[in-house]
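A short worksheet on the structure shown next.
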Amino acid sequence: MEKRVTFKGWKLPLLLIFPQLLISVVFFFYPAGQAIWQSLFIPDPFGLSSQFVGLGNFEFLLSDQYYRASFLTTAIFSILVTVVSMVVALFLAVMADRLIKGAGVYRTLLIWPYAVAPAVAGVLWLFMFNTRVGVVSWYVGLLGYDWNHVLNGGEAMGLVVVASSWGRISYNFLFFFAALQAVPKSVIEAAAIDGARFWRRFFTIVLPLLSPTVFFLLVVNIVYAFFETFGVIHTITSGGPQQSTTILVYKVFSDGFVGQDLGSSAAQSVVLLVLVGALTIVQFKFIEKRVHY
Amino acid sequence: MKFRRQFRHSLCIGAAAVAGLFTTTVHAATEVQFWHAFTGRLGELVAEQVETFNSSQSDFEVVASHKGNYSETLNAGIAAFRAKEQPHILMVFEVGTATMMSAKGAVKPVFEVMADAGAEFDADAYIGSVKGYYTTTDGEMLSLPFNSSTPVLWVNKDALKEAGVDPEVDLSTWQKVDEVLTKVHAAGSKCPMTTAWQSWIHLENLSAYHNTPFATKDNGFAGVDTELAFNSELQVKHIQTMGDWAKDGKFMYAGRRNEGGANFRAGECALFTESSAGYAGIKAEAKFDFAVRPLPYWEGTEGAPQNTIIGGASLWAMAGHSDDEYKGVATFLNFLSSDDIQAKWHQDTGYLPITAAAGEKTKADGFYDDNPGTDIAVIQMTANAPTANSKGLRLGAFDQIRGIIDEELEAVWSGDKDAQTAMDSAVERGNKLLRRFEQANK
C-alpha cells in the first residue's frame, strides 16, 4: 500500500518550493523571456536604439546556408562527443570494477580530468597537437602523417571532439562506476554458474541494469555537447578552419560578442532553446520507455 | 559603481576635512578611468606612461585597467555603457571604429573633448595616414590614435644565405618574391614564406597599397550603405598566387592571428609578412640575422606603391561624464601625444609615432641609425598622401567580416576553392552583415 504524506493548507508547501521557484524565475524564465523579446529586434550594440523586425531575425538566420550547415556540424559534434565519452567511460568503469588491488588510485586518477576547466583542457590539447611544437603532431609526423588541423576540417573536428570528451569521460565514469557497484552480485554469480562468459554476462545482465544510468548520461551529455563545449572550441579552433567546427552555441557567441549583432544572437538562443527542449522531450518520450528502473 | 564612487568621494571629502585640520594644501584629484587591452611588455609600458602622467601633476589621477584582448575590451566598454558605468577612456581596435562612430550618444568625439576643455589641440600635428583612419570626412578627429602599426616584410637573412640567395636580394615586388621563394623552396626549405593577420595584410593593405577599393563609398568612409569590393582582379590575382604558393609548398599557413610569428622567430621561415610592431618580439627572440623590408607590391599595377594602412587601436572618450573629468581626459590625451612620450613609445614597441614631431625626434636621437629598418614602416606609411582607397576602412561588423575572410582564405590555402570563388563568396557573405549593420544604425 502506498503511503502518502499530504500538507494541510497551501502556505507551507508554497513556502517550501518558493526558493526553487525563485531561482527558476530569476535565472531561467526571465533571461529566456528576454531572449525571446530581443530576438524580435535589431538593436545597436550600445542599446541606444532598436528596431522591431518581427520574425526578421529568424528569416535572416534560416536563409543563411552557413547557419543551416551549422546544424549538421552540431549534430555530428554532439553525437561524437556523447558516444566517445560514454563508451570509453563505460569500458573504463567495467575494467575498474574488476580490479581488486589499487582500485582507489585508479579511480582517483580517472576522475581527475573532470576538475580541469574546458578552456584549460582546450589549451592542453592544443599544445599536444600544435602543428609546430605539439608532441603528438611531431610523433605522427615521424610516422609520415602530416597533421595540420589549422587547414584540415576533419582533423580539427577530431581534435575538438577528443578535447571535449576527455574531461567528460571522468564524469561519466563516476556514474557508471557507482551503477556497476549496485548490480547485485548474486545475479552475476548465478549467470556465471550457468556458464555465461564475461562479455555475455555484461550484455545480457549488467547493461540492462545500467539502463537508467545510460539514459541519464545520454541526456546530460547531449546538453553538455550543445552548450558547454564552447570554451574548447574557442581556444582550439575558433570555429575554423572554414566553418568546420562552428557549432550552434559558438555562433551565438561570435555573432553576439564579436559581431555585436545582439538581435541575431538572441534569435539563435531561442532556436537552441527550442531545439534542446524538443530533443529532451523526444528522449524522455521514446528512449525512456526502454529503460528498466 | 557610481554609488561606490560617490561613497569614495564623500570619504575623500571626509578625509580631506580631517586632514584640513592639520594642513590646508590637500585636495582630491579627479579620477579618470582608462580601459585598455595590453598585457605583458606593452601593459608595463602603458602602466609606466600612466604613472609618469599621474606624478607629473596633481589635478587628475588616471586609473588604468586591463580588460582583456581587443574584442573583450570593446565588449566590456559596451556592457559598461549599457549599465551606465562606462569608463572615461576606452581603447578600441581599428576594426571597431565604425561601431564606435555609429554610437552617437555613447561617445564624445576627441575634437569636442579638446575644444570644451579649452585644451591646445592641433589635429595637423598627427601623421596623415594615421589620423585619417580616425577622422570624419570633414577632417574632425573622433578618437585619438594610440598604437598604430603597418605591415612590412621581415627577412631571415641566414635562411636566404643557406638557400644560396643573396641576403640583400631585391624583394620590392611580388614578382621578385616569387623567384626567391622558388629558389628557397628548391633548396629544401619547409617554410619559404608565412604570414600573420592574412586579411589585414593580404587584402586590406594590398588594396590600399595598390590604390584599389576594398569597399565602395570610399571604403565605408562616405556612408554605411557601403559594399565590399575586394573580389576585383588585383585581389584575386594576389590570393590565387598565394594559393598556388601554398599548393607548391612555397607559402605555409600557420593560423588566423600571428601564429606564424613563432615559426619565423624560431628561424624556420625565410620571409614573413607581419606588423611593424612585431619588432620587439623578433629582436628579443631571433637568433639569426634579420632585416625589415617594405611590403612588396605588384609591379605593373598603376598607382602602386601607394601607402599602406594602419592596424592597432585608438582611444575613445565615452559620453556621460562631468566637464571636470573631460578636462582630465583632454590633459591625459595631450600628454600621450607629446613628443617625448610618443618617441619613447615608438622606439620601445615598433608602433608608429603618431605625430610627425615624434618621428623627427626619434631620427634626431639617432635611433634609426642604431636600429636599421625601424623607419621603413614610417616611410611606407607617409610616402604618398592617402587617397580615398588608402585612407583606411570604416566597415560595420568588421571583426566578423574578417572572420569570414579568414574562412574563405583557408579554403584557398587548402585548395578547396579557387581565389575568385572564395573572394566572391566572402564579399557576398560580408555584404549581408553590412546590411544588418546599416539596419541597426539607421
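Quick notes on this one:
- Here's the list of lysines a cross-link from B:K190 could span, going by alpha-carbon distance under 22 Å and ignoring same-chain residues fewer than 8 apart: B:K157, B:K161, B:K176, B:K247, B:K250, B:K287.
- Cα centre as origin, Lys/Arg/Asp/Glu Cβ charges: the protein assembly as shown dipole, Debye: 4280
- Relative to the Cα centre, the charge distribution of chain A, modelled as +1 at Lys and Arg Cβ and -1 at Asp and Glu Cβ, gives a dipole magnitude of about 1320 debye.
- Principal axes of the range A:58-290: Cα extent on each, largest first, Å: 64, 49, 29
- Within the listed set B:V184, B:V92, B:V165, the residue fluctuating most in the Gaussian network model of chain B (springs between alpha-carbon atoms under 10 angstrom) is B:V165.
- FRET efficiency estimate (nearest 0.05) - Cβ-Cβ, B:E48 to A:V88, R0 56 angstrom: 0.65
- Surface accessible to a 1.4 Å probe, A:V276 within the full protein complex, Å²: 20
- Inter-part distance where the range A:125-167 and the range B:359-419 are each reduced to a Cα centre, Å: 31
- Area of A:Y67 that stays accessible when all protein chains are in place (1.4 Å probe, Å², to 10): 0
- Computed [θ] at 222 nm, helices only, for chain B once each DSSP H run of length n ≥ 4 contributes -39500 (n - 2.57): -14000 deg cm²/dmol
- Taking all protein chains as shown and a probe of 1.4 angstrom, B:I376 keeps an accessible surface of around 30 Å².
- Look at where the Cα atoms of the range A:106-122 and of the range B:56-126 average out, and the two centres are 42 Å apart.
- Computed Kirkwood radius, in angstrom, where 1/r is averaged over Cα pairs of the range B:311-442: 18.7
- For chain A, built as a Gaussian network whose Cα springs stay under 10 Å, the top-fluctuating residue of A:F46, A:F226, A:F173: A:F46
- Average projection area in nm² (convex hull over Cα atoms of the range B:157-304, one quarter of hull surface): 9.1
- Inter-label distance, nm, simple model (7 Å from Cα along the C-beta direction), B:E227/B:Q175: 3.3
- Among A:K289, B:K361, B:K287, the sequence by solvent-accessible area, most first, with a 1.4 Å probe is B:K287, A:K289, B:K361.
- Checking the cross-link pairs A:K8/A:K289; B:K217/B:K237; B:K183/B:K391; B:K283/B:K391 against a 26 Å limit on the alpha carbon distance flags A:K8/A:K289; B:K183/B:K391; B:K283/B:K391 as lying beyond it.
- Beta bridge orientation in chain B: antiparallel %, DSSP, nearest 5: 60
- For chain A, the 222 nm mean residue ellipticity estimated from helices alone, with every DSSP H stretch of n ≥ 4 adding -39500 (n - 2.57) and the total spread over all residues, rounds to -21000 deg cm²/dmol.
- Estimated distance in nm for a label pair at B:A123 and A:Q181, the labels positioned 7 Å out from Cα along Cα-to-Cβ: 7.3
- B:S172 sits among other residues whose Cβ lies under 13 Å from its own Cβ, and their net charge, with Lys and Arg +1 and Asp and Glu -1, is -3.
- In the protein assembly as shown, the alpha-carbon atoms span a convex hull of 233 Å³ per residue.
- Principal axis extents of the C-alpha atoms in the range B:141-243 (largest first, rounded to whole Å): 51, 33, 21.
- Where trypsin sites (Lys or Arg not before Pro) fall in DSSP loop in the range B:153-197, at most 14 other Cβ within 10 Å: B:K190
- Relative to the current alpha-carbon distance between B:E85 and B:D138, full extension at 0.36 nm per residue lengthens the span by 16.0 nm.
- Between B:A343, B:P167, B:N258, the Cα set farthest toward the positive side of the dipole of the protein assembly as shown (charges on each charged residue's Cβ, about the Cα centre) is that of B:N258.
- Vicinal HN-Hα couplings computed from phi for the range B:169-179 (Karplus, 6.51 cos²θ - 1.76 cosθ + 1.60; Hz; Gly/Pro x): 3, 5, 10, 6, 10, 5, 4, 6, 4, 4, 4
- Shown are A:W199, B:W200, A:W125, whose ranking by accessible area with a 1.4 Å probe and every protein chain present, most to least, is A:W199, A:W125, B:W200.
- Percent of beta bridges antiparallel (DSSP, the protein assembly as shown, rounded to nearest 5): 65
- Once the Cβ-Cβ distance of A:F18 and A:V223 is raised to the sixth power relative to R0 = 35 Å, the FRET efficiency obtained is 0.85.
- With a 1.4 Å probe rolled over the protein heavy atoms of all chains, the accessible area of B:E51, B:E302, B:E274 falls in the order B:E302, B:E51, B:E274, largest first.
- Averaged per residue, the protein assembly as shown has 47 square angstrom of accessible surface, using a 1.4 angstrom probe with ligands and nucleic acids left out.
- Per-residue mean of C-beta atoms belonging to partner chains within 10 Å, peptide A:146-156: 3
- 21 Å Cα-Cα reach of B:K84 towards lysines, excluding residues that sit fewer than 8 places from it in its own chain: B:K2, B:K67, B:K104, B:K108, B:K327
- For the options B:S322, B:S129, B:S314, a Gaussian network treatment of chain B with springs between C-alpha atoms closer than 10 Å singles out B:S322 as fluctuating the most.
- Residue by residue along A:104-115, Cβ atoms of other protein chains within 10 Å of the local Cβ number 0 on average.
- Lys/Arg +1, Asp/Glu -1 at C-beta; the range A:58-290 dipole; positive extreme among A:G102, A:M86, A:F127: A:G102
The values are calculated or read from the model by the stated rules, or taken from the named source; none is laboratory data. Since we're looking at a predicted model, the values are computed, not measured. Glycine also receives a Cβ, built like all others from the backbone with ideal geometry; neighbour counts cover every protein chain displayed. Side chains are part of the model used for accessible areas, which takes the heavy atoms of the whole protein and leaves out ligands, DNA and RNA. Shrake-Rupley method; radii C 1.70, N 1.55, O 1.52, S 1.80 Å.
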